[in-house]
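Engineer: Handing you a structure now.
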Amino acid sequence: MDYYEGVAIDYLRADRTLFVNTECCIQITPGHNPDKGTHWYCDALVADFRSKAVFLCEISYSVQLSDLTKRLKAWHDNWDGIRGALARDCALPNEWLARLRPWLFVREESIPNLLKRLSKIGDGPPEFVPRITPLAMVQPWLYCSWNRVGEIACCSRHTCTKPGSIPEAMAK
């Protein structure tokens, strides 16, 4: 587990409508051994029962985000295969997989760099546009640990808002 990954996973689990499968193997080519063929271990696969959607969550504390960019490019290039693998291996409904998106947790100061890198990946399905959450928003004292709802504050003392550097389509 990478630095900060556990904090982001706890954040996800605090929303009782999200079900989280950590280190989920996404295996494009079916087979007994995932080490053969195209595959990835996603930091977390999240099934969102509120919106009936699925998220491939990646958490990075890196400033440059080169490894994350490589992974996103590979996912972009194999998007239909990923969707098929999740239907086959995780028994996720096609209705939910139609709203499959990456969900990225990164340092706030890395967001401009991430947006530049995402623009170079190329056009893809509209659902490939990732949701981006700054790591600063997942601090455990900023949300209710047993009933977090969406990306909002749990009380009037906390303000959990995304920075303006995240385009609106990526914020939701």
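Engineer: Could you size up the charge dipole of the chain around its Cα centre, putting +1 on the beta carbon of Lys and Arg and -1 on that of Asp and Glu, and report it in debye to the nearest 20?
Structural biologist: 320
Engineer: Highest first, please rank the peptides 138-145, 101-108, 70-77, 54-61 by the mean number of other Cβ atoms sitting within 10 Å of their residues.
Structural biologist: 54-61, 101-108, 70-77, 138-145
Engineer: While we're on this one: For the pairs Lys70/Lys116; Lys52/Lys116; Lys73/Lys120; Lys70/Lys120, flag any whose C-alpha to C-alpha distance is greater than 18 Å. Let's see the in-between values first.
Structural biologist: Numbers: Lys70/Lys116 13 Å; Lys52/Lys116 29 Å; Lys73/Lys120 9 Å; Lys70/Lys120 11 Å.
Checking Cα-Cα distances, Lys52/Lys116 exceed 18 Å.
Engineer: So for the chain, taking the charge dipole from beta-carbon charges (+1 Lys/Arg, -1 Asp/Glu), which of Leu115, Leu68, Gly31 sits furthest toward the positive end?
Structural biologist: Of the options given, the answer is Leu115.
Quick note: the coordinates plus some simple rules give every number you see, no bench work behind them. Bear in mind the structure is a predicted one, so any value in this text is a computation, not a measurement. With ideal geometry, Cβ positions are generated from the backbone for all residues, glycine too; neighbour counts draw on all protein chains shown.
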